[in-house]
Amino acid sequence: MNKFLKNIYRCNLMDITISHQSFSFNDYLMLIDGGGIKELSLYNNVIKYDNGKMVPFEDLMQQVPNVIMFKCSYTQTPQSAFNSKTAEKLTALPKFEHLKYLKIYDIYPKFNVIHFCDFIKKNGCNYGITFRSSTTDEAWFKMFETELKESDFTVTMKEFNDILPFSKSNNTQNLTSIEVRKKII
């Protein structure tokens, strides 16, 4: 990836899919430069600041204000870009006017459900949010239901076996999906 990026002077990409790479936040900024990113898929990448710290998800998302679809996975990385402050910081960002779909794959989403539901309500376009985890539990799902009960969203939970996208393994896993969708009126 770094060899590829060294040969780029300027780019104005609209759709990016990157899988199983390690690169710097500066490289990320160069790839998304121009503000034209509409679809961004980051599967099991490690994106770090110059000081070696992993870039949090909210900092990645803040840089793509016009994104329509954002898919992100941390199921095969040494650490996740999600932490206990992620949802609160996402909610503090300006509204994503064009966001229709956000899909998150993680071992276990580590963020606060109440704050994340505030983010959902604030950015309430027609989009779905899916968390896939082998450890999501019924209580976590109920928190989503409770927080979004009086809103324009439906919440569903599904358990299934599947191969994670862009996985280096072809083995199926027991997964749980929580989907939040804008109600069609």
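The values are calculated or read from the model by the stated rules, or taken from the named source; none is laboratory data. No experiment lies behind these values; they were computed from the predicted model shown. Counting neighbours? That spans all protein chains shown, and the Cβs are built from the backbone with ideal geometry, glycine included.
Could you figure out which of (1) surrounded by fewer than 16 Cβ atoms within 10 Å (Cβ to Cβ); (2) more than 29 Å from E147 (Cβ to Cβ); (3) of a type in the set (D, E) isn't true of E97?
Answer for E97: the failing condition is (2).
Return the residue satisfying two criteria in turn: it lies in region 28-58 and is among the basic types (K, R) and assigned to a loop (DSSP other than H, G, I, E, B), and of such residues it is surrounded by the most Cβ atoms within 10 Å (Cβ to Cβ).
Residues of region 28-58 that are among the basic types (K, R), as a first pass: 38, 48, 53.
Right, trim to assigned to a loop (DSSP other than H, G, I, E, B) and you get 38, 53.
Values: K38: 15, K53: 10.
Checked region 28-58; the qualifying residue surrounded by the most Cβ atoms within 10 Å (Cβ to Cβ) is K38.
Look through F119, F82 and report the one residue that is hydrophobic (A, V, I, L, M, F, W, C), part of a helix (DSSP H, G or I), surrounded by 17 or more Cβ atoms within 10 Å (Cβ to Cβ) and at pLDDT 75 or above.
F119
Provide a single number: the residues in region 12-48 that are within 22 Å of P94 (Cβ to Cβ) and of a type in the set (S, T, Y).
Result for region 12-48: 1.
Which one of these does I104 not meet: (1) among the aliphatic types (A, V, I, L, M); (2) modelled with pLDDT of 85 or more; (3) closer than 22 Å to S19 by Cβ?
Status for I104: all satisfied but (2).
Step by step: first the residues of region 1-27, then only those that are modelled with pLDDT under 85 and either surrounded by 13 or more Cβ atoms within 10 Å (Cβ to Cβ) or among the small types (G, A, S) (or both), then the one that is nearest to S80 (Cα to Cα). Which residue is that?
M1
When the residues of region 49-77 are narrowed to those that are of a type in the set (D, E) and under 12 Å from the mean Cα position of the chain (by Cα), which ends up farthest from F119 (Cα to Cα)?
First, pick out the residues of region 49-77 that are of a type in the set (D, E): 50, 58-59.
Those still in the list that are under 12 Å from the mean Cα position of the chain (by Cα) too: 58-59.
Details: E58: 11, D59: 15 Å.
Within region 49-77, the match that is farthest from F119 (Cα to Cα) is D59.
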